[in-house]
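The next block holds one structure in the form of structure tokens; read it before the comments.
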Protein chains: 2
Amino acid sequence: MTALSADLGFLLSRTSGLVVRASNAALAAEGLRVRQYSVLVLACDSTAGMSQRELAQQLGLDPSQVVALVDELADAGLVERRPDPADRRTRLVVATSAGRRTRQAAEARVAEAAVEPLRSLTEEEHGTLRRLLGRVVADAGSPADARAR
Amino acid sequence: MTALSADLGFLLSRTSGLVVRASNAALAAEGLRVRQYSVLVLACDSTAGMSQRELAQQLGLDPSQVVALVDELADAGLVERRPDPADRRTRLVVATSAGRRTRQAAEARVAEAAVEPLRSLTEEEHGTLRRLLGRVVADAGSPADARAR
């Protein structure tokens, strides 16, 4: 064991890498990678669709990265861009019916993919991780953080 | 909140992204990025130095990525490659004294950098995260996993 094994940043990125790698392998069957999948889920779950700016904020990505991901999903017929009725200058990313079907199949694969890399944790510990990390992620999207940037 | 907020893979990669971004910003003062820093720590902490293969395994990176990182650290005078006395075909990555000084300064910066993105967790919860993720990472390096690959 080295100092890295006490370094939370290292542990987070190493664990994340293990799960992302497994998820990408599992998602290949749906023609997706993890980041595309995350955009698809957000597009499916927002009633009216989501702007690229909001997608970038929720995913912690640069807007240019989100544009590329949305382009890929649109080329695959899984999402489309529609003008926002509330603001014609903004376009919303909306899932197509094919996108909704793909998301459903992909969701099961992603859940299954995380099992193997996280096999040394109990179900309860999965819940603990979800709770702690969920708080960090929710906090990152909070106004206090936006102010700090 | 969307389905992503229950997706451990998403939560891990989002949290990891927050900490890596903060750490990269903090390490810039030492001329380092997180992955170079991790290589430097491993090189400093192994008495005899560490082979690039072992570095790749511990960091979960491709050997080619590790070669590039070691090249960068060697160019900066922070590590050097020395023949392994036990096997002349292998070269070990060893920290220089400049590397050890840089590591010490960088370590304080990295620890400090993680505070802000993880501010919504208590000290005890930091410990819980460290313990759970440490188990996942240790397990990933175990022979069972090597067999499964």
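What to note about this one:
- With both labels modelled 7 Å from their Cα along Cα-to-Cβ, the A:A138 to B:A29 distance reads 3.3 nm.
- As a rough footprinting exposure proxy, the listed residues B:T47, A:T90, A:T122, A:T15 were ranked by other beta carbons within 10 Å of their own, and the order from fewest upward is B:T47, A:T122, A:T90, A:T15.
- Between this copy and the others, label points of B:S120 are 2.7 nm apart in ascending order, each placed 7 angstrom from Cα in the Cβ direction.
- Entry note, the stretch A:20-117: relative contact order of 34 percent, from Cα contacts under 8 Å with a spacing of 6+ residues.
- Closest approach of a chain B Cβ to the axis relating B and A (residue, whole Å): B:S16, 2.
- FRET efficiency for B:S120 and A:R88, using Cβ-Cβ distance with R0 set to 45 Å, rounded to 0.05: 0.75
- Over chain A, DSSP H runs of length four or greater, each weighted -39,500 (n - 2.57), average out per residue to a 222 nm ellipticity of -20500 deg cm²/dmol.
- For B:S51, the residues whose modelled amide H falls within less than 5 Å of its own, excluding neighbours fewer than 5 places apart on the same chain, are B:V93.
- Only one residue of B:A43, A:A48, B:V79 has its Cα farthest out toward the positive end of the dipole of the protein assembly as shown, where Lys and Arg carry +1 and Asp and Glu -1 on Cβ, and that residue is B:V79.
- Distance between the stretch A:40-78 and the stretch B:83-146 - C-alpha centres, whole angstrom: 33 Å
- Förster radius 35 Å - calculated FRET efficiency between A:S64 and A:S5, Cβ distance, rounded to 0.05: 0.50
- Two-site FRET efficiency, A:A98 against B:R131, from Cβ-Cβ distance with R₀ of 41 Å, rounded to 0.05: 0.45
- Based on the Stokes-Einstein relation at 37 °C and a viscosity of 0.692 mPa s, and on the Kirkwood radius from alpha carbon pairs, chain B is assigned a translational diffusion coefficient of 194 µm²/s.
- Label 7 Å beyond Cα on the Cβ vector: B:A6 copy-to-copy distances, nm: 3.8
- Placing a label point 7 Å from Cα along the Cα-to-Cβ axis, B:T47 is separated from the same position in the other copies by 6.6 nm, shortest listed first.
- Neighbour counts of other Cβ atoms within 10 Å put A:E125, B:E30, A:E116 in the fewest-to-most order A:E116, A:E125, B:E30.
- Cα-projected label distance for B:R53 with A:T47, points at 7 Å along beta-carbon direction, nm: 5.9 nm
- Neighbours of B:A113, meaning other residues whose beta-carbon lies under 14 angstrom from its beta-carbon, give a summed charge of -1 when Lys and Arg score +1 and Asp and Glu score -1.
- 0 to 90° range, to nearest 10: angle between helix B:8-27 axis and chain B longest Cα axis: 60 degrees
Bear in mind these aren't lab numbers, they're just calculated from the coordinates by the rules spelled out. For clarity, every value in this text was computed on a predicted model and none was experimentally measured. With ideal geometry, Cβ positions are generated from the backbone for all residues, glycine too; neighbour counts draw on all protein chains shown.
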